[in-house]
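What follows is a set of notes on a single structure, which appears directly below.
Rule-based calculations on the coordinates, nothing more; no lab input. Everything numeric here is computed off the predicted structure, so don't read it as measured data. Reconstructed Cβ throughout: ideal geometry from the backbone, glycine too, with neighbour counts over all protein chains shown.
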Amino acid sequence: MAFTFFFRDQTVLDLIATHVVPTLSGYSRIRIWDGGCAMGPEPYSLAITIAEKMGHFAFRNVHIDATDIDEQGVFEKIIENGVYPIDQLERITPEIFGKYFTPGEGKGEFRVVDSIRQAIHFKRHDLLSLKSIADGYRLIVCKNVLLHFHPAERVNVIRMFHSALAPGGFFATERTQEMPRELAHLFEKMSEEGQLYRKAETLS
Ligand SMILES: C[S@@+](CC[C@H](N)C(=O)[O-])C[C@H]1O[C@@H](n2cnc3c(N)ncnc32)[C@H](O)[C@@H]1O
């Protein structure tokens with residue numbers, strides 16, 4: 001269930017770079033939440049994409065809450081260390097790899113650079129608690145997690161994300177996940193290319 005790898009969904013990362021990052025400039029604190037982040041490749045890919053698009057000066061204001069139910073209690077250390085074996089890094093272009101990874105201590109291991117690692121803050125959290133860990137998020141990403149929930153749970157979790165988003169904040173999920181019909185009025189779909197939504201200006 002914790003299957004993941006770097007740059008797993010380039011389409012949604014491109015949509016975030018195009019539609020979300022331009023709306024983030026000017027904020028002194030930019031909160032992002034990656035729910036069900038597994039052992040880190042997804043929030044790190046997100047952070048690298050945002051840093052590339054917004055520039056390193058503005059990126060210092062980005063704070064990514066990376067959360068997972070983490071049943072074995074092992075993700076925090078992995079994410080904090082930011083060290084991954086080369087076979088999990090194969091999708092990364094040579095340019096991005098050279099910029100954001102340095103050799104780790106072990107053979108065939110590479111570490112994410114500090115400027116990216118400092119933006120990621122891991123917490124154990126159960127999405128089905130329906131309690132958000134904070135609010136005012138500019139972007140919430142939840143991918144390849146909702147499909148494991150019952151339809152009613154899915155609706156409740158997305159409703160919780162909606163409450164946790166700042167006005168005009170964005171929600172991204174995987175391509176195969178349609179927005180439940182009863183929540184469609186709460187979000188505006190940004191593209192037919194993938195599942196990126198913007199919080200609509202309506203009363204919930
Ligand atoms: C298939 S992985 C997806 C990882 C990443 N989002 C991606 O798309 O590459 C699913 C993750 O959801 C987490 N998960 C499952 N149920 C959860 C829950 N109730 N609350 C938070 N995380 C959960 C699992 O621990 C696992 O790490």
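Helix 41-54 and the long axis of the chain differ in direction by around 90°, with both axes built from C-alpha atoms.
Charge tally for Ser191 (other residues, Cβ to Cβ under 15 Å; Lys, Arg +1; Asp, Glu -1): -4. Taking other residues whose beta carbon is less than 14 angstrom from the beta carbon of Glu42, and scoring Lys, Arg as +1 and Asp, Glu as -1, yields -3.
For the set Lys77/Lys107; Lys99/Lys123; Lys77/Lys99; Lys123/Lys143, the pairs lying more than 25 angstrom apart at their alpha carbons are Lys99/Lys123.
Of the residues Phe97, Leu13, Ile30, the one whose Cα sits farthest towards the positive end of the charge dipole of the chain is Ile30 (charges of +1 on Lys and Arg Cβ, -1 on Asp and Glu Cβ, taken about the Cα centre). For a modelled paramagnetic label at Leu147, 7 Å from Cα along Cα-to-Cβ, the residues of the stretch 174-190 in reach, with backbone nitrogen under 11 Å, are 174-178. Checking every one of the GluC sites (Glu not before Pro) in the stretch 66-135 against DSSP loop status and a limit of 14 other Cβ atoms within 10 Å picks out Glu71, Glu90, Glu105.
Contact order, relative form, for the chain: 22 percent (alpha carbon pairs under 8 Å, 6 or more residues apart, mean separation divided by residue count). For the residues Ile32, Ile133, Ile120, a GNM of the chain with alpha-carbon springs under 10 Å puts the largest fluctuation on Ile133.
Candidates Met54, Gly82, Gln72 compared by Cα position along the dipole of the chain: farthest toward the positive end lies Met54, with charges placed on Cβ. Look at the dipole of the chain built from charges on Cβ: of Met190, Pro167, Val112, the Cα furthest out on the positive end belongs to Pro167. A compact globular protein would have a Cα radius of gyration near 2.2 N^0.38 Å; the ratio found for the stretch 50-151 is 1.21. Cross-link partners of Lys199 among aspartates and glutamates, defined as those whose alpha carbon lies under 12 angstrom from its own and excluding same-chain residues fewer than eight positions apart: Glu188. Using only alpha-carbon positions in the stretch 10-199, the gyration tensor eigenvalues give semi-axes of 27, 19, 15 Å once each is multiplied by 5 and square-rooted (largest first).
Exposure proxy ranking for Asp114, Asp68, based on other Cβ atoms within 10 angstrom of each Cβ and starting from the fewest, stands as Asp114, Asp68.
Which whole-number percent gives the relative contact order of the stretch 127-176, counting Cα pairs below 8 Å spaced six or more residues apart? Before the final figure, lay out the partial values.
Numbers: 53 pairs, mean separation 28.2, N = 50.
Rounded, it is 56 percent for the stretch 127-176.
Once the other residues with Cβ under 12 Å from the Cβ of Phe75 are scored (Lys, Arg +1; Asp, Glu -1), what is the net sum? Once positives and negatives cancel, what remains is -4. Could you give the longest part of the chain that holds none of the trypsin sites (Lys or Arg not before Pro) found in DSSP loops with at most 11 neighbouring Cβ atoms within 10 Å? That gives 30-106 as the longest site-free run. Here the stretch 10-199 is assigned +1 on the Cβ of each Lys and Arg and -1 on the Cβ of each Asp and Glu. Its dipole about the Cα centre then comes out at about 580 debye.
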